[in-house]
1. Could you list, in sequence order, all residues of region A:88-136 that are within 14 Å of another protein chain (Cβ to nearest Cβ) and hydrophobic (A, V, I, L, M, F, W, C)?
2. Filter region A:280-306 for residues that are aromatic (Phe, Trp, Tyr) and within 21 Å of A:ARG194 (Cβ to Cβ) and give the result.
3. Looking for whichever is of a type in the set (Lys, Arg) and assigned to a loop (DSSP other than H, G, I, E, B) here; the options are A:ARG310, A:ARG339, A:ARG284. Which one fits?
4. Residue check, A:MET1 against (1) of a type outside the set (D, E, K, R); (2) in a helix (DSSP H, G or I); (3) surrounded by fewer than 21 Cβ atoms within 10 Å (Cβ to Cβ), all met but one. Which one?
5. Test each condition in (1) buried (at least 20 other Cβ atoms within 10 Å of the Cβ); (2) outside any helix (DSSP H, G or I); (3) polar (S, T, N, Q) for A:THR85 and report the one that comes out false.
6. Please pick out the residue among A:SER74, A:SER91, A:SER27 that is polar (S, T, N, Q) and under 18 Å from the mean Cα position of the chain (by Cα).
7. In region A:43-74, which residue that is part of a strand (DSSP E or B) and in contact with a strand residue (DSSP E or B) (Cβ under 7 Å, 6 or more places away or on another chain) is farthest from A:ALA332 (Cα to Cα)?
8. Determine if region A:287-296 includes at least one residue that is in the same structural domain as A:ARG152 (by TED's automatic domain parsing), touching a residue at least 40 places away in the same chain (Cβ under 8 Å), surrounded by 24 or more Cβ atoms within 10 Å (Cβ to Cβ) and not small (Gly, Ala, Ser).
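The values are calculated or read from the model by the stated rules, or taken from the named source; none is laboratory data. Quick caveat, the model's predicted, so the values are computed rather than measured. Counting neighbours? That spans all protein chains shown, and the Cβs are built from the backbone with ideal geometry, glycine included.
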Amino acid sequence: MTGVHVLGIGMTRFGRHPDKDAADLGSAAFQEAVADAGIDPRLIEAAYCGHVFQGMVTGQRILAQVGLAGIPLSNVENACSSGATAIREASLAIRAEEHDVVVAVGTEHLTTKFRGALTPDPSDPEAAVGATMPGVYAMRARRYMEEFGMTRRQLAMVAVKNKRNAAANPLAHFRDEITIEDVLESRPIADPLRLLDCSPVTDGAAAVVLVSDRAATKLGDGRTIRLAASTLFTGSVEVEPTTMTFEPLTQKTAQAAYERAGIGPEDVDFAEVHDCFSIAEVLRVEGLGLFEQGTYPGAVERGEADIGGRLPINPSGGLLGKGHPLGGTGVAQVVELVRQLRGEAGDRQIEGVKVGLAHCRGGKAVGIEGAACTVQVLVK
Amino acid sequence: MTTAQPEMAPKSFRPVEFEVTDNGEGFLLGSHCGNCGAHFYPVRVACSGCLHNDLETVRFSTTATLYTFSVVRQSTPEFEVPYALGYVDLPEGVRVMAQLTGRPPEDYEIGMEMELVVQPFGTDEDGNEKTGFRFRPKEGSQ
């Protein structure tokens with residue numbers, strides 16, 4: 001079976017794009033990825049497009065704009081894991097040896113689709129009683145604080161760190177550093193979470209060109225980064241209520257990825273994780289096995305997750321700092337991993353990295369721990 | 001022409017998950033597996049424990065323990081903020097999200113003993129009041 005490699009990456013600026021739509025953004029990222037790959041666009045055999053709220057056949061509208069309509073394309077929706085799922089589907093098409101060169105693109109024009117708090121689908125019983133995503137994560141934060149003694153200031157430090165990283169990322173939605181006090185004094189959204197604990201409503205897109213072993217040899221020029229694992233699981237229905245301060249779904253998805261990549265969590269040099277809320281980063285890294293359960297808030301306080309720290313988390317700025325255009329998010333994480341592994345991350349470059357991990361987790365449905373979880377492992 | 005309607009108890013806001021009886025009592029509904037004994041909320045087609053299909057729809061207990069909660073201060077237009085939102089654990093071993101009532105929204109504690117109360121909960125498309133549920137601290141709960 002062939003391996004899968006990232007040959008090209010592209011990403012728009014994340015933020016507000018009032019003069020563009022999701023297909024415009026997706027097209028820009030698509031073309032940049034193809035240019036970065038340095039290949040003739042006619043070599044692209046298939047594409048996958050991840051988005052959530054952009055309507056029917058968004059991916060085909062992108063292909064039409066970039067002159068490639070005619071190739072197979074599937075649009076995939078997996079809530080906040082949509083873009084990451086597009087990468088997984090593209091990687092499977094290559095591993096199955098159906099295609100050698102495949103593009104995965106993720107896009108979202110969220111500012112025209114959403115204001116305020118994201119909620120589960122209106123059909124869901126929890127949406128019917130007033131569930132909001134900030135509310136759900138706030139409840140998890142309160143429980144975590146009760147069980148592990150995390151302080152409100154420690155939680156704020158996650159947002160401060162990610163905004164600091166975003167300030168060094170020219171494509172990030174937010175470019176200003178913030179203080180702990182800024183977080184604690186920002187508008188309350190769902191106690192104990194405040195506005196600066198929440199990822200913003202963002203427009204943006206990202207794309208990657210994935211290739212097989214033989215295409216990497218032929219086209220790669222030695223610059224490819226290996227996608228050593230791309231795993232996806234859905235949350236299980238709970239037969240008994242389980243803890244909400246640990247993520248068995250994240251753990252399961254990560255373990256499958258570690259096994260496929262032939263590594264363990266101790267081999268990971270840095271990670272981009274799904275910090276849709278400050279508390280989410282805590283839950284993700286502990287579920288991934290990168291930090292022991294209950295220890296991450298202290299580790300952040302000691303700077304261990306900073307660029308230059310023991311295990312940098314979200315060097316791009318994460319969802320909190322870079323922004324969270326749902327479909328674009330999972331692809332943008334892989335773009336960051338590739339930039340770091342190539343040594344092209346500029347002011348936020350982590351020195352000497354060889355193994356990067358990206359984690360997405362999206363969607364809320366009653367009675368299951370989480371809807372869709374993905375882990376990607378990239379190896380230089 | 002309009003026909004006079006007999007006076008009826010307000011309808012459940014979610015009849016599949018919440019039953020309102022003729023005398024105004026309310027029960028959360030779920031599934032009980034006749035094979036392995038597991039309970040599920042809401043009603044399921046097959047058991048996620050043992051995959052049997054012989055699930056019976058049952059009424060759940062109206063008492064619960066508060067697992068965690070938040071005060072939601074930004075929501076969708078149909079919900080007036082702020083409101084207290086919690087997860088409560090029922091004796092059957094299921095966890096249910098519910099709004100909390102009976103105290104100021106900040107004034108709940110993890111581990112409180114709670115009970116279900118039947119309350120007005122929104123309106124239908126014609127403006128008729130619907131009936132839903134919230135959980136409140138049991139009398140004497142700290």
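1. A:PHE114, A:ALA117, A:LEU118, A:ALA127, A:ALA128, A:VAL129, A:ALA131, A:MET133, A:VAL136
2. A:TYR296
3. A:ARG310
4. (2)
5. (2)
6. So the residue among A:SER74, A:SER91, A:SER27 that is polar (S, T, N, Q) and under 18 Å from the mean Cα position of the chain (by Cα) is A:SER91.
7. Within region A:43-74, the match that is farthest from A:ALA332 (Cα to Cα) is A:ILE71.
8. Yes, that holds for at least one residue.
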